[in-house]
Amino acid sequence: DNQGGYPLYNWIEASGGTAYPLDDDISSVVITLPAPFTYFGTDYTSMRINSNGFIYFGTANYTTAHMVLPFEGRPNNDLMAFGEDLNPALGTQGTIYYLVSGNLVIIQFDEVEHWASGFPETFQIILDLTTDEITYQYQTVSWPDFATVGLENSDGLVGKMYSYAN
């Protein structure tokens, strides 16, 4: 029963998709979306997946993830599902997957090591290309009180923060 109107937890396993064994910090990859995604009123046809637990729309390569949102500094135009110092270490400490399933784009951080704790984190960012809805899902969170979760627009002036620990 979903009386609150919130998305129901529905893990969509993405490990069958394209694997991106990114490295620590400044490591990211550009993905071309199968259809435009509207984010804060702008249509985007590509995004970047960053190894530090977030995606963003833009061309520059950013590493910073631990910040209060919204924040005018870089990165901007981001969706931080677990924006912290994660280190997949080129796939030896976790892998990031990208999968398109119908109208959904799923980015799965699969057992990616949380640098300071040494424990793995598994979570997803899901973009619905039909409704432009965003869903964050968490399967394994080893350090929940040390995660930046939120989103912000292209200039970092508008956004929403759900979690932050300093």
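Some points to look at:
- Accessible surface ranking for Trp143, Trp115, Trp11, 1.4 angstrom probe, highest first: Trp115, Trp143, Trp11.
- Relative protection proxy for 48-60, 12-24, from highest mean packing down: 48-60, 12-24 (other beta-carbon atoms within 10 angstrom).
- Computed on protein heavy atoms with a 1.4 Å probe, the accessible areas place His114, His66 in the order His66, His114, largest first.
- A Förster distance of 45 Å, applied to the separation of the beta-carbon atoms of Thr92 and Val158, puts the FRET efficiency at 0.75.
- Amide H to amide H distances under 5 Å link Tyr39 with Tyr44, where only residues 5 or more positions off or on other chains count and H is placed in the peptide plane.
- Each listed q (0.12, 0.29 Å⁻¹) maps to a log10 I(q)/I(0) for region 113-165, found by the Debye formula over equal Cα scatterers with no solvent: -0.36, -1.16.
- For the chain, the relative contact order comes to 23 percent (Cα pairs under 8 Å, sequence separation of at least 6).
- For the chain, the spread of Cα coordinates along the three principal axes comes to 37, 36, 35 Å, biggest extent given first.
- Two-decimal log10 I(q)/I(0) for region 71-139, as the Debye equation yields it once each C-alpha is a single scatterer, q = 0.14, 0.24, 0.28 Å⁻¹: -0.48, -1.07, -1.19
- For Val29 and Gln139, the difference between the fully extended length at 0.36 nm per residue and the C-alpha to C-alpha distance is 37.3 nm.
- Using a probe radius of 1.4 angstrom, the carbon and sulfur fraction of the accessible surface of the chain is 51%.
- Phi-based couplings in Hz for region 91-105 (Karplus 6.51, -1.76, 1.60; Gly and Pro marked x): x, 7, 10, x, 9, 10, 10, 10, 9, 9, 10, x, 8, 9, 10
- Average accessible surface area per residue within the chain, 1.4 Å rolling probe, Å²: 47
- Rounded to the nearest 10 square angstrom, Thr42 shows an accessible area of 60 square angstrom against a 1.4 Å probe.
The values are calculated or read from the model by the stated rules, or taken from the named source; none is laboratory data. Owing to the predicted nature of the structure, the values given are computational and were not obtained by experimental measurement. Positions of Cβ are backbone-derived with ideal geometry, glycine not excepted, and every protein chain shown enters the neighbour counts. Surface accessibility is based on the protein's heavy atoms, side chains included, excluding ligands, DNA and RNA. Shrake-Rupley method; radii C 1.70, N 1.55, O 1.52, S 1.80 Å.
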